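Down below is the structure, laid out as structure tokens.
The values are calculated or read from the model by the stated rules, or taken from the named source; none is laboratory data. What you are looking at is a predicted structure, and each value in this text was computed from that prediction instead of being measured. Glycine gets a Cβ as well: all are built from the backbone with ideal geometry, and neighbour counts include every protein chain shown. Ligands, DNA and RNA are stripped out before the accessible areas are found, and what is left, the full protein with its side chains, is counted by its heavy atoms. Shrake-Rupley method; radii C 1.70, N 1.55, O 1.52, S 1.80 Å.
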Amino acid sequence: MLGESQIRQQLDSLRPLYELVRDPRVTIQVIYDSNPNPDFAQPDYVADPKTTAQLVMCERIKAIQSLTEGHESLICSKRATFLTVRLQSKDRAGLDRSPPGMFSSEHDTLKLFQNRFLDTVDEFRTLVNGVEDILFNAETPFKRLRKQPLLRLLRESIHPLSSFQQPSMDILPNPTESLSGQLLQDFIRFSPSAMQFGTDQTSSDVVQGMSWTQKSPMEYPGMLAELLAIPEPMRVVLNLSNHPGESALEWRESQTKFAQDALGVRQRDEIQNVKARIAYNEVLITASLHVFVRSKNCTLENYVQKRHILRVKGFIESRSRIPFIVEREALPPIYFLCMPLAYGPQSDKFIVRARSVMSLEVGSYMPILGGFLGTQTKSQLMLSRSGSPIYLCSRDCQTSPHIAILASTGGGKSFYYANYMTAEKALRPDSLDFIIDNLTSYEVAAKVFGEGTTGHLLVRPPETYHNVFIGKADKERIALIVSILRTAITLGSPGVQLTSEHSLILKMAVQKAFGDNTIDAGTEFAEGSLQIKKERGKALVPRLTDVVDKFTDVCNELELTGDLAAWLRSKLSPFYGQGQYAALFDQMAFEVEDPPTPSVTIYDLQGVTEDTILSTLVSLICIAEVLRQIKRPENRGKGGRLTIEEAGVIGENSPELVKFIRAAWKTFRKLDIVCVGLTNEVEDFKYKPAPRTIWKVSKTKVILPMEVNEIDAAVMDDPKSGDPKLFPEEGIGSLVRTLSKKDGVYSQGLFLSESGCGTFTYAPTGFDYWLAASKPTEKEAFEKVYQKLGSYRHALWWLAKAAPGGFRRANGDLRPMTDEELAVVTDKGLFGS
């Protein structure tokens, strides 16, 4: 993914390639192919899926593969760009037909032609090495096509695409037969305007074509990237050859020398401009641009009904402003001359579609500069915007696996995250999920993925609060408690300055509280003295009251003034005893054995969002509990995810909060936990200190469709407050503006990571929809189906197949599931049944 200046720089680095056609014997073709292709790399578990997440992902793979059969807006395809370089021998090019010198015998003649052939081979080898050097210096990855791949490319040009699913099409090249003799293995019919490959309607393809008639009046880098949005099999060919040069310019100039009309004057000025540019070392090139579109499963008799070529023509012309003409009289010769390696120095005489282009302009007509290849780990299955299946995984980022996700309301954030969680659980079935949410969207997902494992847990403060003092009092745990207490002080008393002495007092007081409670559990007064119990009793979990009571003792031990203890007690007064937030830190509890950690734990903070101090502290306590659960011996190596679904819930302005987030995210990385921060508010990531910290420390960012005003806010800095841009990189804002969404069909996104950057298209399935179901009518329908089938997995499967977009009225509004619809629910044929 490149900004405009970077694209221009890359195109400039490829300029020596185009300028190779200075040699009149050299011709170059850039061929861009886009063909439906259901074959792509898949995760290992596909061979034997066992868990619910793996079964769901297998269904997603099938859904993506089905897009090869055509879709209203999407296609699963294989896209490739080929470069052919051809060096014509002098006599074949018509440039030097008579051999030099006199011949004394037939032997001398043969020897001369043999030497000439060997010289041409050496020239061609030097030319190819030069081309590879240019591509290497331009940082353009490439590989040579040899034998079988080359034969397949040539055969794909004149055979129906469906035939390449047959093993017979993958035969090895025959070294005893000419290449051209190995190409045609099927039936070809043609008319002046179309070509049919194959014999019957069910397996034949029909190709139509169009060629440009002149250059675009507005050339810019990546002009033809709009081709990526066309869901049709097609080939785009850019032919480049030597231009006659100054003689042609002189002739054209003489024709316009005395012109007085506006067109003649403009042409004369253009010729002068071209001559000036040639003087500055640009090269004038002859170029022709052609687009060929395939219609699958049709014949010459019925292809007109599909009108594919007209739709593509209108689409490209409206966006690139390049005028095209549909080839209705001479398509077959034009198509064959545009086949790989078929275009030579004399081909333009037959094509008659060539135009003069300066070497600096050629890059604007490249069909595609490259494509987003995704990441290595096969986690989330998406489509690149060019239609190729790709995988996304933040764990491929070497410096940090954490993710920040930004979208406008309705941008598809919940669907995207449901898909992300499913993909990660499919790869790592034992991994744990912890979700901090505001009015959670993932209760259904928790029930589905918890079934058959260690279950799920839904925590809803203020009904229950986690106790931050529960757990082993090791060094890291005590530091975490101290950090939360410091944050509580700064939230309750904004503007206060905490020193290292305050931290030391808090630390030692917490240690003493844990130590005293441990002693109390193992000792008793008997016969007038303190004695060790035969059986250790349950220890009381420390309360903040116990900690505060130790302040004076700690100050005495440290020989500090008692004012420090009194100051800390006053600042913590809202959080213990009769304080407003005492329920958080002053709970009465005993140590108990922990149950197994649930597969999915959700903390629904809807009940505490009205109080920003309370919601922030609850979030931190939940994070602390996640750390405790992850560190349990039985959870080592499982890994997982901590997700803050509404990053704004920890939006209070506290420097201690920022320190807490930085330290926690660093610790989670060491424990193989991916932290995910999501929000639909630019202000959260841009202005609120804690969410902005999440944005900064997350080396992978996912941006889904956003409103125009929110994009504007993200790309602008604020000189008054000093807040920098959220998107400081060049071109990010412009790229985000191109992201689109079609409800129920697809949503586009931008993936930014050290492991890869690019745009993608997310095509949700019915499974994604129901895993992210959050509206009351949706959850009610899910529970009804679950009650009937007795399995969350089966309920998900039935709903995803029967109502992939929910139950809706004719106008598209959600409605409850009816009794009639419930009556037909059955577990017949469900996966795992």
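Before moving on, here are some points about what is shown:
- The residues of region 267-322 that are free of Cβ contacts under 8 Å to residues at least 60 places away in the same chain, surrounded by 15 or more Cβ atoms within 10 Å (Cβ to Cβ) and under 39 Å from the mean Cα position of the chain (by Cα), listed by number, are Val304, Lys306, Glu317.
- If only residues of region 568-586 that are free of Cβ contacts under 8 Å to residues at least 40 places away in the same chain and of a type outside the set (A, V, I, L, M) are counted, the one that is least open to solvent (accessible area, probe 1.4 Å) is Gly579.
- Condition broken by Tyr769, with the remaining ones in (1) touching a helix residue (DSSP H, G or I) at 6+ places or on another chain (Cβ under 6 Å); (2) surrounded by 15 or more Cβ atoms within 10 Å (Cβ to Cβ) satisfied: (1)
- Restricting the first member to region 213-238 and to residues that are among the basic types (Lys, Arg), and the second to residues that are surrounded by fewer than 19 Cβ atoms within 10 Å (Cβ to Cβ), the beta-carbon pairs closer than 7 Å and six or more apart or on different chains are Lys215/Arg355.
- Any hit, region 340-356, residues being open to solvent by less than 10 Å² (accessible area, probe 1.4 Å), hydrophobic (A, V, I, L, M, F, W, C), modelled with pLDDT under 85 and part of a helix (DSSP H, G or I): yes
- Check on Gln587, more than 30 Å from His456 (Cα to Cα) and in a loop (DSSP other than H, G, I, E, B): no
- Those residues of region 125-138 which are farther than 15 Å from Leu83 by Cα and touching a residue at least 24 places away in the same chain (Cβ under 8 Å), in sequence order: Asn137
- Identity of the residue in region 181-212, touching a residue at least 40 places away in the same chain (Cβ under 8 Å) and β-branched (Val, Ile, Thr), that ends up surrounded by the most Cβ atoms within 10 Å (Cβ to Cβ): Val206
- Spans of helices (runs of 4 or more DSSP H) in region 89-164 with at least 2 residues at pLDDT below 65 and of a type outside the set (A, V, I, L, M, F, W, C): 90-93, 106-137
- Selection count where residues are open to solvent by 20 Å² or more (accessible area, probe 1.4 Å) and either out of contact with any Ser or Thr (no Cβ under 8 Å at 6 or more places or on another chain) or among the charged types (D, E, K, R) (or both), scope region 587-603: 9
- Test: residue in region 590-599 that is touching a Phe, Trp or Tyr at 6+ places or on another chain (Cβ under 6 Å) and at pLDDT 95 or above: yes
- Single residue of region 184-197 satisfying the filter (in a loop (DSSP other than H, G, I, E, B) and modelled with pLDDT of 85 or more) that is nearest to Val326 (Cα to Cα): Ser193
- So Asp827, is it open to solvent by 30 Å² or more (accessible area, probe 1.4 Å), acidic (Asp, Glu) and out of contact with any helix residue (DSSP H, G or I) (no Cβ under 6 Å at 6 or more places or on another chain): no
- The condition of being among the β-branched types (Val, Ile, Thr) and open to solvent by less than 10 Å² (accessible area, probe 1.4 Å) does not hold for Ile613.
- Asp768 of a type in the set (D, E, K, R) and under 26 Å from Leu704 (Cα atoms): yes
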